[in-house]
Amino acid sequence: MPELPEVETTRCGIDPHVTDKCFAQVVVRQPRLRWPIPANLPELLTGQRVEAVSRRAKYLLFKLPTGTLMIHLGMSGSLRMVAAGTEPGAHDHVDFQLSGGKMLRYTDPRRFGAILWMQGEAFEHELLKNLGPEPLSETFGGEYLHGLSGQRKVPVKSFIMDGHVVVGVGNIYANEALFRAGIHPKRAAGRISLSRYQRLAKEIKETLAEAIASGGTTLKDFVGGDGKPGYFKQSLQVYGRGGLPCVICGEKLKEIRLGQRSTVFCSRCQR
Ligand SMILES: [Zn+2]
């Protein structure tokens with residue numbers, strides 16, 4: 001599943017090819033994604049210039065003079081630049097032909113992604129307006145997490161993966177950040193000190209920043225004809241390593257299900 005770092009890398013990869021270009025033609029071959037693509041999307045976009053490509057949580061936001069095109073990659077979606085006239089494959093559902101000869105192509109085998117239109121400010125959209133802060137923003141930090149945790153009994157791992165608390169901390173990054181901070185994933189959110197939350201916030205930021213930085217090397221995938229955005233080969237210390245020795249103490253890592261998600265931790269290093 002594309003996580004926040006993959007979405008941010010996609011944004012960086014397509015931005016120079018899309019910003020300041022106009023939509024010359026929009027072809028929708030399959031409108032049935034997670035929600036139907038608006039039937040009038042081609043009319044809404046054609047002729048409009050892209051002023052900026054930004055991101056909020058895992059939504060890519062294409063700012064146009066009359067509103068915002070919002071794209072979510074869902075479970076298996078990808079966006080890449082192809083030459084105009086490139087033959088579509090079975091899962092290439094939407095083509096955005098741009099002025100200047102390049103085409104932005106949306107591919108999504110499982111069709112859990114979304115392509116939506118928002119008149120006016122995208123931040124006021126139903127899907128975006130109640131989201132927590134961006135993890136890499138100044139707003140997000142240990143004091144923020146500690147202040148919000150109050151008396152909450154929810155496990156800290158579920159707490160930091162809740163999009164109302166903070167966006168974009170996917171399962172991989174929650175596992176890694178908790179290990180690096182030495183915090184047990186099942187510890188109640190309300191029973192963690194400010195200093196431990198400061199450490200956790202720092203580790204969340206660093207884990208995500210490292211993934212984004214390592215994604216920079218895959219940028220060519222977004223402009224190539226056949227490239228798929230690859231998952232980042234970030235070195236992971238716990239995720240996917242259940243049963244293997246802890247890199248710090250050598251204890252066998254435990255793997256449990258927490259909120260239906262695979263959770264790996266060291267019972268000696270994480271308290
Ligand atoms: Zn350990």
*Measure out, as a whole number of angstrom, how far apart the alpha-carbon centroids of the range 185-202 and the range 29-83 sit.*
37
_Förster-model FRET efficiency, 45 Å R0, residue 49 and residue 235, C-beta, rounded to 0.05_ = 0.65
*Give the span of the chain's Cα atoms along each principal axis, as three whole-Å numbers ordered largest to smallest.*
58, 35, 29
*Specify the residue with the greatest mean-square fluctuation among 83, 52, 39, computed from a Gaussian network of the chain linking alpha-carbon atoms under 10 Å apart.*
39
*If you line up the long axis of helix 4-18 against the longest principal axis of the chain, both from Cα atoms, how many degrees apart are they, to the nearest 10?*
20
*Residues of the chain: accessible area per residue at 1.4 Å, in Å²?*
46
_C-alpha center-to-center spacing [the range 118-168, the range 1-28] in angstrom_ = 24
_If I fit a long axis through the Cα atoms of helix 171-181 and take the longest principal axis of the Cα atoms of the chain, what angle between them do I get, 0 to 90°, rounded to 10?_
40
*Filter the cross-link list 129/186; 129/157; 63/202 down to pairs whose alpha-carbon distance in this structure exceeds 27 Å.*
129/186; 63/202
*How large is the helix-only mean residue ellipticity at 222 nm for the chain, computed as the sum of -39500 (n - 2.57) over DSSP H runs with n ≥ 4, divided by its residue count, in deg cm²/dmol to the nearest 500?*
-7500 deg cm²/dmol
*Roughly how tilted is helix 194-215, in degrees to the nearest 10 and between 0 and 90, from the longest Cα axis of the chain?*
40
_Förster radius 25 Å - calculated FRET efficiency between residue 20 and residue 130, Cβ distance, rounded to 0.05_ = 0.20
_Give me the percent of accessible area attributable to carbon and sulfur for the chain, probe 1.4 angstrom._
53
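The values are calculated or read from the model by the stated rules, or taken from the named source; none is laboratory data. For clarity, every value in this text was computed on a predicted model and none was experimentally measured. Note that each Cβ is placed from the backbone with ideal geometry, even for glycine, and that neighbours are counted across all protein chains shown. Note: accessible area is taken over every heavy atom of the protein model, side chains too, but ligands, DNA and RNA are not part of it. Shrake-Rupley method; radii C 1.70, N 1.55, O 1.52, S 1.80 Å.
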